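The structure appears below as structure tokens.
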Amino acid sequence: MPESNESTKKQSYGISRRNFFKGAGLVAAASAMAQLPITGNNIAEAATANSIDELYEISKDYKQFNQKNEMFARMEWDTKFIPPPKPTITPGSPGYTVLDIAAGGAAGTVANTLGTGFGWRSGNEGLYSWSSLGAAKPPQEPWKADPAEASKAIKRFAHDNRIDAVGITTVDPRWVYTDWFHRGTKESGKIELSSTADKPEIKEDGTKVIPTKMKYVIVLLHRMPFEMVSTSPYVLGHAGTQVGYSLMAYGASTIAEFIRGLGYNAIPAGNDTMLSIPLAIQAGLGELGRNGLLMSTIGPNVRISKVITDLPLATDKPVNLGVRDFCESCKKCARECPSGAISEGDMTTEGFNISNNDGIKKWYVDCEKCRVFWNENGGAGCIRCIATCPYNKPEGYWTHELGNKLAPILGGGLVTVDDWMGYGKIVESEDYWKNQ
Ligand code: SF4
Ligand code: SF4
């Protein structure tokens, strides 16, 4: 493994019995004081807002993002990263064995076959096709329902297709990419919102056209396997990410086909076409953390996909979960980040480089440092900023759920409890394989 922070030490799978009872006693006492229930949502009850602008300072000068400036895209054209940084790990060493590498590749099967391309290319590929995949036939007449009933049907169907959370919002032009960029072919083109177009289409000059009547965005959250994620930055952590990407492609394409079967247009998308995190925030699915990621209502261990449609839907409201208040004092992701990419400072409106999205008051992540580490890590990527976050605990352990309830109350003190109980340390790959 490349050199990482001193505090990021390996651990055996799980937490020790001694620490379990130690921590359980402490959080139980705190819970009694706070009179909190030990079941329910992962994150404390949320206060709602009418718009994202009530929760975040967004500059009037904010500019839409060009996908070409996204960090992965820059690795294809920015001379600063050509030739790319060399790996510093030894293939075959613990955490980088044939077994681990095979798992990393196979976990992305749905995401990276059928031409889908992980959803981090430019969209309109494979399962993310902007036109019908032929699974659900269009009806003679479009299905008619009031927006509330339609939203309920979408959420019900999504739940039984193993989608972990759904929020609905409207297209905000600020989050639409100005341009798309295909990392494979290096082609690029404009993205246009059109009031005259009736269907999504690609013009001869490569412009991708989204009709403005497709004004609804269904945002989908997909949980990643936490034990796999906890092995990051080993290759198995990357496998956890790939499971997430496969679930995204499956989930978004299934919802899109459902909507087409109802007689409406649908664009399924991964990381392409529009910025997923602000849409998820608008859709009431979470807040932005210090780690630059969505701290969702079901924790941060999620990936996001979305479906843009003209099916009339009832929308959800943004929520204030108190995450940013907790992030102020927590800083655990910054401490544990192997590349030092996460800020320990205050929120600001200026990022580190062109891959950041200036003009919003938040914590920016130095994605250049992050991406260089990914290369040094032999293509195993990294997801430590999710694995180490105290908000993120596996389901099924009452102490974990209780810890999540206590996070907003204990503030930075919870990090001490979290460390004390052994959370956030790297799970060794060989322990992952031993624990069935
Ligand atoms: S993914 Fe990047 S920002 Fe997150 S912990 Fe790893 S190196 Fe740091
Ligand atoms: S680790 Fe702490 S500071 Fe980082 S995102 Fe999670 S709660 Fe916020």
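Any read-out appearing in this document is the output of simple, stated calculations on the displayed coordinates, not a laboratory observation. Just so it is clear, the model here is predicted, and its values are computed rather than measured. We place every Cβ from the backbone using ideal geometry, glycine too, and count neighbours over all the protein chains shown.
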Report relative contact order for the stretch 68-183 in percent, whole number only (criteria: Cα-Cα under 8 Å, sequence separation at least 6). 28 percent
Quickly work out the ASP205-to-LYS144 label distance, labels modelled 7 Å from Cα along the C-beta direction, and quote it in nm with one decimal. 4.1 nm
All Cα pairs of the stretch 335-377, percent lying beyond 17 Å: 32 percent
Neighbourhood net charge (11 Å Cβ-Cβ; Lys/Arg +1, Asp/Glu -1) for ASN124: -1
Taking H as built 1.01 Å from N, whose amide H comes closer than 5 Å to the amide H of THR170, not counting residues under 5 places away? VAL217
Charge tally for neighbours of LEU285 with beta carbon under 14 Å away, counting Lys, Arg as +1 and Asp, Glu as -1, is +2
Per principal axis, largest first, the Cα atoms of the stretch 52-132 extend in Å by 51, 39, 30
Difference of contour (0.36 nm per residue) and Cα-Cα distance, LEU193 to PHE352: 54.3 nm
Debye calculation, C-alpha points only, no solvent: report log10 I(q)/I(0) for the stretch 10-434 at q = 0.10 Å⁻¹, in the same order as the q values. -0.69
Taking 0.36 nm per intervening residue step and subtracting the Cα-Cα distance, what contour gain separates ASP61 from SER93 on full extension? 6.6 nm
With an 8 Å Cα cut-off and a minimum separation of 6 or more residues, compute the relative contact order for the stretch 10-434 in percent. 26 percent
Fully extended, how many nm does the chain gain between PHE157 and SER131 (0.36 nm per residue separation, minus their Cα-Cα distance)? 7.3 nm
Binning at 5 angstrom from zero up to the longest distance, how are the C-alpha pair distances of the stretch 59-192 distributed in percent? 2, 7, 9, 12, 17, 16, 14, 10, 6, 3, 2, 1
Please give me the summed charge of the neighbours of ILE168: other residues whose Cβ is under 12 Å from its Cβ, Lys and Arg +1, Asp and Glu -1. +4
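Taking every pair of Cα atoms in the stretch 277-383, average 1/r, invert it to obtain the Kirkwood radius, and report Rg/Rh to two decimals.
Numbers: Rg = 15.2 Å, Rh = 15.2 Å.
So for the stretch 277-383, dividing Rg by the Kirkwood Rh gives 1.00.
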